[in-house]
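Every read-out reported here was derived from the displayed coordinates using simple, explicitly stated rules and does not represent laboratory data. These figures come from a predicted structure and were not determined experimentally. Using ideal geometry, Cβ is built from the backbone for each residue, glycine included, and neighbour counts are taken over all protein chains shown.
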């Protein structure tokens, strides 16, 4: 049976470290959160982020607009927050309504306050292998989960399924930075099963429930499930058929309780990192 990579437990350890640091050094990082519209999932995500931030001592300020807000309104607010030395991180809850050019709006954020790590400048630093930029929270958390296995990653075959700017592309860069041999798969990939069978590490960030079966996975592989779906009974599940794959993989993340908690923990870590860099601590 595979070792379960408990993201919830690891995230709690990260939050305790941040809480202790903030308390001992006596500072209060502040995060500005911009939310447009009333998407139910986004409202829940923002609430969870605010709750987690409060637990470690990070102050949050929510700016909630209806979906009729203009791009100019958002851009003006971002410029105000960029100039406010009391605000150390800026987060735009995605997805934005389709009427917005998300890439343009994200690029307005000061890279030093870009705690989601989506600004082209920070993505560029990641591409170059620099460790000085803020990194996207989900892949950053996944790397911590993978490294917690204690395996030597050098030369390992890593397969990233999904090519989004939020997970897939930065994930591939981080795995390359760890000296893995990286393959990227996506909706146009042929014979995904064969690629999975050759992979020592699988990071699956696609939308198909229980796509990856036991016979797709190499014995002893590290399997990271970034999916969030519902099965026929309405129960939360991932991209991986957990019950089958955990009998063959070496390490596996559960859904829920795997990547999700680590994403929020790494967001908080980025807020604290941004504060420390802005104050040259």
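Rounded to the nearest 0.05, what FRET efficiency do residue 3 and residue 40 have when you use their Cβ-Cβ distance and R0 = 30 Å?
E between residue 3 and residue 40, to the nearest 0.05, is 0.30.
Would you mind calculating the relative contact order of the range 29-110 from Cα pairs under 8 angstrom and at least 6 residues apart, reporting the percent as a whole number?
It comes to 45 percent, rounded to a whole number.
Pulled fully out, how much extra length does the chain show between residue 83 and residue 132, if you take 0.36 nm times their separation in residues and subtract their Cα-Cα distance?
So the chain would gain 15.5 nm between residue 83 and residue 132.
Which part of the range 38-60 falls in the paramagnetic zone of residue 27, meaning amide N under 15 Å from the point 7 Å along Cα-to-beta-carbon?
Answer for the range 38-60: 57-59.
Going by alpha carbons, how many degrees (0 to 90, nearest 10) lie between the helix axis of 7-25 and the longest principal axis of the chain?
Compared with the principal axis, the helix lies near 30 degrees.
If you project the alpha carbons of the range 29-110 onto their three principal axes, what span does each projection cover, largest first, in Å?
Sorted from largest, the Cα extents of the range 29-110 read 35, 31, 17 Å.
Using only the alpha carbons of the range 137-260, determine the length spanned along each of the three principal axes and report them from longest to shortest in whole angstroms.
41, 30, 29
How many percent of the alpha carbon pairs in the chain exceed a separation of 27 Å?
Across the chain, Cα pairs with separations above 27 Å total 40 percent.
Would you give the gap between the C-alpha center of the range 179-201 and the C-alpha center of the range 56-106, rounded to a whole Å?
One Cα centre to the other: 36 Å.
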